[in-house]
Amino acid sequence: MIQFSKHTLSNGLRLIIHENHHTQLAAVNLLYDVGARDEESDRTGFAHLFEHLMFGGSTNIPNYDEVAQQLGAENNAFTNNDITNYYLSFPANNLETAFWLESDRLFSLDFSERSLEVQRQVVIEEFKQRYLNQPYGDVWLKLRPLAYHLHPYQWATIGKNIQHIEEASLEDVKAFFLKHYRPDNCILSVAGNVNTAEVIRLAEKWFGPIAAGHRPQRQLPVEPDQTEARSMHVTAPVPVDAFYVAYPMPGRRDAAYAACDLLSDVLSHGKSARLYRSLVKEQQLCTSVNAYVTGDQEPGLFVLSGNLVKGITHDQALEAIQKELDLLMTTLISEEEMQKMQNNIESTMVFAETNVLNVAMNLGYFELLGDANQINQEVAKYAAITAEDLRKQAGQIFQVHKANTLYYHAE
Amino acid sequence: MPNKILDRHQAPALLGFVPFEIQAPVPLTLSDVPVFVLEAGEQDVMRIDLVFAVGSWHEQKALVSSLTNRILQEGSLKSSGKVLADYFDFYGAHLQYEASADRSSVSLYCLSKHTAELLPRLFELVFEPAFPEKEFQTTIRNNRQQLLVEQEKVAFLARRGFNAALFGPEHPYGRSSNDAAYAALTREDLAIFHRDFYTKDRLNISLSGKGTGAAVAGLEVLLATLKESPLPLERRFFTTADQIGTVVIPKPDAVQFGLRLGKRIVDKKHPDYPGLKVLNTVFGGYFGSRLMSNIREDKGYTYGIGSAIASFEKDAIFTIATEVGRDVAELALTEIRCEIDKIRNELIPTAELDTVRSYLQGVYMSSFDGAFSLIDRFWDVHHFGLDYDYYHRYLSTVQNITAEELRALAVTYLAPESLVTVVAGS
């Protein structure tokens, strides 16, 4: 059970505070409700490029990193299709410096042509390092447009291609900032060796005076129901054949999400999981196999992937996968396996509480989903799911005409 | 609303480092085995480490020690691998396997309330493995295929080439997996290595988390059943290679090159080591380091570049590592060399050094946060025969070392002609 309190400043900024006096550290997390899904289809990769520019300095703090380092902070940020998240974890006695740092870049980020030029190059190198220069590194550049035809999840956070990053202008940067980086589009969560009244005082002092924006109303295109199976074959300089199958599934706020998450655990959590036992160990079709949900806010993907043993065909492996999916759709999961899933959820939640940065991030994320207190209801929510729920949910997701299959063929 | 305009230009005062006592584990001896018990934390979680002072230093064939460690989970004399996996997964527990040149370990992470059920299974897995032939073959085949994937990555190629250049491909610190070594292994190699070295006299244990008292009682019963090794623990003697100059590892289709530069350096027991850690931080050890500031944040040649000093038990290495676009690789190398010259010739400005001092003190405090970090910090010194005095010396060095002393360390240890340069991708 995580104790916390929730407050909203007059400019709309949401503040969540968790006190933990067993640690010397404090964690400050800022979740901005903007991600790659909010980009224009001809200017992709922008939310992530912008995240890099947030470290380029602000009016009163020309060098963000230097101050973060003086704070002794572990400090970074990430962008995904839904959100952009910034965090610091540091010795708690310097809490106010973190408020100064984070409020100044929200109040008045310094837009510089030079910072844009350099970060553009850095992001292009990131594109190469992570997506082009790794075996199977381009999987999401291929799989997303296969699975999504209309919805902005069709592009990866890094962007559709390098050209979009090259074309970003300073005007785009400013407009993006003013639209999305406003207090009412931000959830600030603070966890650790802090005092709630003091955190509220600091939030009022540093974030209170920042004007609210007009919180953008999302009107994203709805992905039409998939009516036919889709596939794509890629021949690439990869050493072994591989497959990725993606089925559309409900978003993170949907009541059915937890059941999908559990199904992915049944298939692929731990060495006892079904796909590993069957495809890697018993049938020896794959050297590795995986199942996971993307966990997106809007309808996401249930992904199954594997690397093939040399000499095994894609058809052999995919047939074995299909058998496992059929089993989920026809046969109830045993009580013992259900209990195993439940124990795993409990264990995951308790271990996540051991680190204040995790706690701050999770509180912010659950607040975005609707209510930070859902974090304390997760275990009960998963416990309420029955084997019959899972069987039904499997039937909903794993329909043959909803599969999106990417085949990697070794050159 | 505030009644006066907030002066955002005015930074809040930064408070200095607050000294704290490091919580050390309580040492026990159970059935002649050293056991270190660290009771800490708020959550009901537990970690149990079984650590053997045995690694590739002690193997007669490459990969034997790491494969022995890896295949423990594939089945015991009493239970199949599936039964073992079911058991640990059922309780939401997690096992972590580590095998290095110096030591091998298996760690169990679980909710404290499950320790009593899991501890006997952990001992079964670690001390009574069957090394089933079929699982052995599957693992070898999968590892060989995974190796093919790794060999497509320039970072992997550069690291492998770098370690071999410093130590030689046969040395325990220079070895890396290769296909021929996998092909030469048999399950008997592993079974013999296990019989000779996964023994009571090589074993150290730690318990960390909440509720360790109950676990100690369970442990005592299990330890009484273990045997000592029939063999003395010998390390074979190896010479190092200490190659300098440039090593090029071809990979014609690479979009980026993997670069590694570095050398062997003094290890953790040497008095200069803490100072070198500070020097390395300035040079390439944090986001604001000179390498990052110049080569990423000023030039945009890379997504990331860094340097590190890592100590083994019997040696240590200094490494600069990055992946850079092939068109800018030469420029990046030039900038790296400029930064080496600069740190050897010029004093580090006070403001920069003060930032590094603050940064390292914050990281230092964070590194002792929570039961599992505390036990990690214990092992980090215990493995080297050091004690907590190392941390006091380290902290004092961070707080007091002068720019002159750092320059002298750079002159002594970072001579450009002493470094090897490995380029993977051209």
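Every read-out reported here was derived from the displayed coordinates using simple, explicitly stated rules and does not represent laboratory data. Quick caveat, the model's predicted, so the values are computed rather than measured. No Cβ is skipped: glycine too gets one built from the backbone with ideal geometry, and neighbour counts run over all protein chains shown.
Projected onto planes of every orientation and averaged, the convex hull of the alpha-carbon atoms in segment A:230-410 covers 11.1 nm². Put the Cα centre of segment B:97-173 next to the Cα centre of segment A:357-411 and the gap is 31 Å. How much FRET efficiency would the formula 1/(1 + (r/R0)^6) give for B:ASP201 and B:LYS78, where r is the Cβ-Cβ distance and R0 is 25 Å, rounded to 0.05? About 0.55, to the nearest 0.05. As a ratio to 2.2 N^0.38 Å, the alpha-carbon radius of gyration for chain B is 1.09. If you take the beta carbon distance between A:LEU369 and B:PHE20 as r and set R0 to 30 Å, what does 1/(1 + (r/R0)^6) give as a FRET efficiency, to the nearest 0.05? With R0 = 30 Å, the Cβ-Cβ based efficiency is 0.25.
Result for chain B in a Gaussian network model with C-alpha springs under 10 Å: among B:ALA155, B:ALA351, B:ALA99, the largest mean-square fluctuation is at B:ALA351. Taking segment B:31-140, how much of its Cα-Cα pair set, in percent, is spaced more than 16 angstrom apart? Roughly 62 percent, once rounded to a whole number. A Cβ-based charge dipole, computed about the Cα centre of the protein assembly as shown with Lys and Arg at +1 and Asp and Glu at -1, lands at about 720 debye.
Considering every alpha-carbon pair of segment A:5-206, the percent of pairs per 5 Å bin, from zero through the bin containing the longest distance, is 1, 7, 15, 18, 18, 15, 11, 9, 5, 1, 0. Projecting the Cα positions of A:LEU88, A:GLY137, A:GLN121 onto the charge dipole of segment A:85-137 (unit charges on Cβ atoms of Lys, Arg, Asp and Glu, taken about the Cα centre) puts A:GLY137 furthest along the positive direction. Peptide A:117-125 shows a mean partner chain C-beta count of 5 within 10 Å per residue C-beta. A simple spin-label model places pseudo-atoms 7 Å from Cα toward Cβ; at B:ASP298 and B:ASP253 they are separated by 3.7 nm.
Taking Cα atoms only, the orientation of helix B:115-127 departs from the longest principal axis of chain B by about 90 degrees. From the P(r) of the protein assembly as shown, can you give the percent of Cα pairs sitting at distances over 47 Å? Cα-Cα pairs in the protein assembly as shown separated by more than 47 Å: 22 percent.
Above 31 Å, the calculated P(r) of chain A contains 45 percent of its Cα-Cα pairs. Only the Cβ atoms of Lys and Arg (+1) and of Asp and Glu (-1) were treated as charged; on that basis the dipole of segment A:230-410 about its Cα centre amounts to roughly 480 debye. Between B:THR186 and B:ALA224, full extension at 0.36 nm per residue minus the direct alpha carbon distance yields a gain of 10.6 nm.
Can you give the translational diffusion coefficient of segment B:26-223 in µm²/s, computed by Stokes-Einstein from the Kirkwood radius over Cα pairs at 25 °C and 0.890 mPa s? D, rounded to a whole number, is 137 µm²/s.
Name the most mobile residue of A:ASP110, A:ASP261, A:ASP371, meaning the one with the largest mean-square fluctuation, in a Gaussian network model of chain A with Cα contacts below 10 Å. Largest GNM mean-square fluctuation: A:ASP371. Working ranking of peptides A:39-45, A:186-192, B:50-56 by packing, defined as the average number of other Cβ atoms within 10 Å per residue, highest first, is A:186-192, B:50-56, A:39-45.
With a cut-off of 12 Å between beta carbons, the residues surrounding A:GLY57 carry a summed charge of -3, where Lys and Arg count +1 and Asp and Glu -1.
Take the Cβ atoms of A:HIS409 and A:ASP225, set R0 to 35 Å, and the FRET efficiency comes out at 0.70. Under a model in which nothing but the beta-carbon of Lys, Arg (+1) and Asp, Glu (-1) is charged, segment B:26-223 shows a dipole of about 380 debye around its Cα centre. Each part reduced to its alpha carbon centroid, segment B:346-361 and segment B:224-284 end up 27 Å apart.
Normalising the average separation of contacting C-alpha pairs (under 8 angstrom, six or more residues apart) by the number of residues puts the relative contact order of chain B at 21 percent. Over all Cα atoms in segment B:202-302, the spread is summed up by Rg and Dmax: 23.5, 61 Å. The Cα-based radius of gyration of segment B:264-418, divided by its Kirkwood radius, gives an Rg/Rh of 0.98.
Between segment B:385-423 and segment A:44-93, the C-alpha centres lie 29 angstrom from each other.
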